[in-house]
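Remarks on the structure that follows.
Where a number appears in this text, it was derived from the coordinates with a stated rule and is not lab data. Remember, predicted model here, so these are calculated numbers, not experimental data. Every residue, glycine among them, receives a Cβ derived from its backbone with ideal geometry; neighbour counts consider all protein chains shown.
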Amino acid sequence: MAFLKGTKLYSIFTGTCPACQNESMFLKKNPYKLKSTLKMKERCGVCNTKYKIEPSFFYGAMYVSYPVGLTFATAAFILCYLVFGLDLISTYCVIVVVMLFALPIILRISRNIWINIFMPYNKGHLH
Ligand SMILES: [Zn+2]
């Protein structure tokens, strides 16, 4: 993933600070610790960027979670139905299971995308 550093993709996939990409925005790195899936630090410990631009800033990530979720569902569909040749009912079941298991990741990626829409990467930051 290091080759992506400096691009928005790096911050989106790793959940790092959108401005300096040196530190995770999330309190716990593991998204499957469900109590802290969406717990975020208030500011970046490296560059002091405030993540919550305004009080309900991350509600907007909801809109991003639909296309992100749809991407996971589509990938599961292609794999099950087109690649492995499962029937539609089995494919549907697999998609439901995949969505449930991927939910913490979908929620985080949505937040990462959302904040990266508004916050530019700060190339001049020396760290
Ligand atoms: Zn930072």
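When each of S90, S110 is tested for being in contact (Cβ under 8 Å) with a residue 40 or more places away in the chain, in a helix (DSSP H, G or I), among the small types (G, A, S) and surrounded by 12 or more Cβ atoms within 10 Å (Cβ to Cβ), the lone residue that passes is S110.
Within this structure, I78 passes the test of being part of a helix (DSSP H, G or I) and over 17 Å from the mean Cα position of the chain (by Cα). Every listed requirement among (1) closer than 30 Å to Y92 by Cβ; (2) within 12 Å of the chain's Cα centre (by Cα) is met by Y32 save one, (2).
Of the residues making up segment 88-127, those that are within 16 Å of the ligand (Cβ to nearest atom) and under 21 Å from the mean Cα position of the chain (by Cα) are R111, N112, I115, N116, F118, M119, P120, Y121, N122. Note on segment 29-51: residues that are more than 10 Å from the ligand (Cβ to nearest atom) and surrounded by fewer than 13 Cβ atoms within 10 Å (Cβ to Cβ) total 7.
Filtered by the rule that a residue be near the ligand (Cβ under 9 Å from one of its atoms) and either part of a loop (DSSP other than H, G, I, E, B) or not hydroxyl-bearing (S, T, Y) (or both), segment 9-28 gives C17, P18, A19, C20, Q21, N22, E23, M25. For segment 54-87, filtering for residues that are surrounded by 11 or more Cβ atoms within 10 Å (Cβ to Cβ) and either within 14 Å of the ligand (Cβ to nearest atom) or small (G, A, S) (or both) leaves 7. Residues in segment 1-25 that are polar (S, T, N, Q) and under 16 Å from C47 (Cβ atoms): S11, T14, T16, Q21, N22, S24.
Scanning segment 29-59 for residues that are assigned to a loop (DSSP other than H, G, I, E, B) and closer than 14 Å to Y121 by Cα gives C44, V46, C47, N48, T49, Y51.
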